[in-house]
Each structure stands twice: as C-alpha cells, then as structure tokens.
Amino acid sequence: MNAPTSTTAIILAAGQGTRMKSALAKVLHRMCGRTMLDFVIDAALAAGADDAVVVVGHQREAVKAHLAQRYGERVRTAVQAEQKGTGHAVQCALPELSDTCKTALVLYGDTPLLRAEDLGRLLAVRGDSALSLLTC
C-alpha cells in the first residue's frame, strides 16, 4: 500500500435546492458561463486537491453527465440516494477515496464565491490537525 499523500475534495451536491424554485438542480445553475459546482471544483483543484468526489442525489444523471464532460476521470461521483444530512453525504463519499488519500477537503457544491487562495491557506496551515475548519 502506498503512503498516504493525496488530497481529495469531497463536494456535497445532492440536495434538491427547493428554495431556488427551479426545475434545474441548484448546483447546475450557471453564473458567468460556469455552473456553481464548477466554481467549487475549480477552486479545490487550484488549491491543491488531486481529485474530487462529488456526492450526487437530486438530478444525479444530469450532474454526472456535466461532470464527465467537463472533468473526465479527475472527478468521480458517489450517490446519496436519500438525503439524510451532511454527515451522511460525507459517509457516502468515503468508499470513493483512494488508498493514498491523506486529506479530505469537504466542501459544499453551492458556494461559487469560494476562493482557491483561501482553501490553499487552509491546507497549508492545518499541519497535523485531525480537523481544520474554514468559515466565512
């Protein structure tokens, strides 16, 4: 087994987005030509994540198709068939982590203003902490 070295972004994108009042999955809404989910994935990858696992649920086939077209194999999906909260969504992603994953960066798929610089600083200062938290 390889020594754990990689960072994987777990991006939570299974929710229905009922407050959006839209038939389109919330994370697929476009802003400036990109989906909200694209902004989060791009920030995570630019901050140093080696890959990403996106937890899908609502409209999962549309979200999976978008991810496959835009990111190929660098982004995998995990299904949360029934939305039972954030902890459950992360639990659904765990089987998709590689054996070399040392750090999991848990992010929400509907935070398009997330900046790679902030995630990079979090990854840099966390040291050997079991848990680090970034809030805005």
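Values quoted throughout were computed directly from the atomic coordinates according to the rules given, and no laboratory measurement underlies them. Model, not experiment: these values are computed from the prediction. Note that we place each Cβ from the backbone using ideal geometry, even for glycine, and neighbour counts take in every protein chain shown.
Going by average Cβ neighbours within 10 Å, how do the peptides 88-94, 122-128 rank, with the highest at the top? Before the final figure, lay out each step's value.
Values: 88-94: 18.0, 122-128: 10.9.
Most protected by this proxy first, the peptides run 88-94, 122-128.
Please list, or write none, the lysines whose alpha carbon is within less than 22 Å of the alpha carbon of residue 64, excluding same-chain residues fewer than 8 places away.
Straight-distance partners of residue 64: 21, 26, 84.
Using Cα-Cα distances under 8 Å and only pairs 6 or more residues apart, what relative contact order does the range 33-77 have, in percent? All intermediate terms of the calculation are to be shown ahead of the outcome.
On the way: 22 pairs, mean separation 17.5, N = 45.
Relative contact order here is 39 percent.
Take every Cα pair under 8 Å in the chain that's 6+ residues apart, average their separations, divide by the length, and report that relative contact order as a whole percent.
Numbers: 222 pairs, mean separation 51.0, N = 136.
In percent, rounded to a whole number, it is 37.
Report, in order of residue number, the helices in the chain meeting two criteria: a C-alpha extent of 15 Å or more along the helix axis, and a mean Kyte-Doolittle hydropathy of at least 1.6; treat each whole DSSP H run as one helix. Write down the numbers at each step before the final one.
Values: long enough: 36-47 (17 Å, 1.77); 60-71 (16 Å, -0.92).
Qualifying helices, which must be both long enough and hydrophobic enough, are 36-47.
Using Cα-only point scatterers and the Debye equation, what is log10 of I(q)/I(0) for the range 36-136 at each q in 0.24 Å⁻¹, rounded to two decimals?
-1.57
Given R₀ = 22 Å, FRET efficiency for residue 19-residue 83 by Cβ-Cβ distance, to 0.05? Let's see the in-between values first.
Working: r = 14 Å, r/R0 = 0.65.
Computed FRET efficiency for residue 19 and residue 83 comes out at 0.95.
Can you work out the PRE-style zone for residue 34? Point 7 Å along Cα to Cβ, and I want the residues of the range 108-135 with backbone N under 17 Å.
108-121
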